[in-house]
Amino acid sequence: MSNSENQPQAKRREFVIGVSGASGSIIAERLVRFLLESGNAVHLVASKTGKLVTHDEMNIPAGTRTLFADMEHENLTEWGEKNFYAPFASGTAPIDGMAIVPCAMTTVASVAHGISDNLIKRAAEVMLKEGRPLVICPREAPLNQIHLQNMLTLTKAGATIVPPVLTFYQHPGDSVIEQVDYVVSRILDHLGVDNELFHRWGSER
Ligand SMILES: Cc1cc2nc3c(=O)[nH]c(=O)nc-3n(C[C@H](O)[C@H](O)[C@H](O)COP(=O)(O)O)c2cc1C
């Protein structure tokens, strides 16, 4: 037996990505692709409106069964929003982190108030009760007092709010994808996933 066979294998990490009905599904698509390409497993769950908005924004024919038409991977599992039999609906499943990207204000409000009437919200509730990373990428502008209060509640409960803000200090030019990847990178940072998706402040260009 070789030396490497004696070494404990690094555990493949598992993440839940929730896609709700806010604008910005390309952020979720880039995030899921990166996680899969870097050797992680992804459990993907979209709300009913999340699927409609994603198909609309990404020009995927209405009624397509999967969320992202051309994405197939052995480590990608897609779950229905009402499938509470998914393993990650329980804290006993070994999930390393979750992101809700993009997160509509309805889902923000529900998770903040413990209303877990779909699988995205239930999985988020589980992450908070288990003290595991939960990253929320809320998308709305402007934000009213209710939105802000709900996000404060989520932060106090242990979630990290990463809004899809624009970046300028790294001179992204006019590329939307660079702006998207900046947000994806900040989400990955808070899920504890190494990435070099953008030029970090203070690093060599
Ligand atoms: C095309 C489209 C874009 C939307 N964009 C947003 C958005 O950016 N932010 C938001 O909070 N809601 C947005 N909504 C409204 C949500 O989809 C709606 O509130 C829905 O109830 C969200 O449900 P969910 O949180 O279960 O996905 C949008 C709806 C549509 C049809």
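Quick rundown of the values:
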read-out: Cα-based Lys pair tally, the chain, threshold under 22 Å, eight or more apart or on separate chains; value: 9
read-out: Whole-angstrom gap from the stretch 63-105 to the stretch 179-205, using each part's C-alpha centre; value: 23 Å
read-out: Probe 1.4 Å, accessible area per residue of the chain, Å²; value: 54 Å²
read-out: Accessible-area composition of the stretch 33-111, carbon plus sulfur, in percent [1.4 Å probe]; value: 52 percent
read-out: Debye log10 I(q)/I(0) at q = 0.11, 0.18 Å⁻¹ for the chain, Cα point scatterers; value: -0.51, -1.31
read-out: Mean ellipticity per residue at 222 nm, deg cm²/dmol - from DSSP H runs of n ≥ 4 across the chain, formula -39500 (n - 2.57); value: -11000 deg cm²/dmol
read-out: Contact order normalised by residue count of the chain, Cα under 8 Å, 6+ apart, percent; value: 21 percent
read-out: The stretch 1-101 shape via C-alpha gyration tensor axes, a/c threshold 1.5; value: prolate
read-out: Kyte-Doolittle mean at least -0.5, axial Cα span of 15 Å or more - DSSP H helices of the chain; value: 25-37, 119-130, 145-157, 176-191
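The values are calculated or read from the model by the stated rules, or taken from the named source; none is laboratory data. For clarity, every value in this text was computed on a predicted model and none was experimentally measured. Ligands, DNA and RNA are stripped out before the accessible areas are found, and what is left, the full protein with its side chains, is counted by its heavy atoms. Shrake-Rupley method; radii C 1.70, N 1.55, O 1.52, S 1.80 Å.
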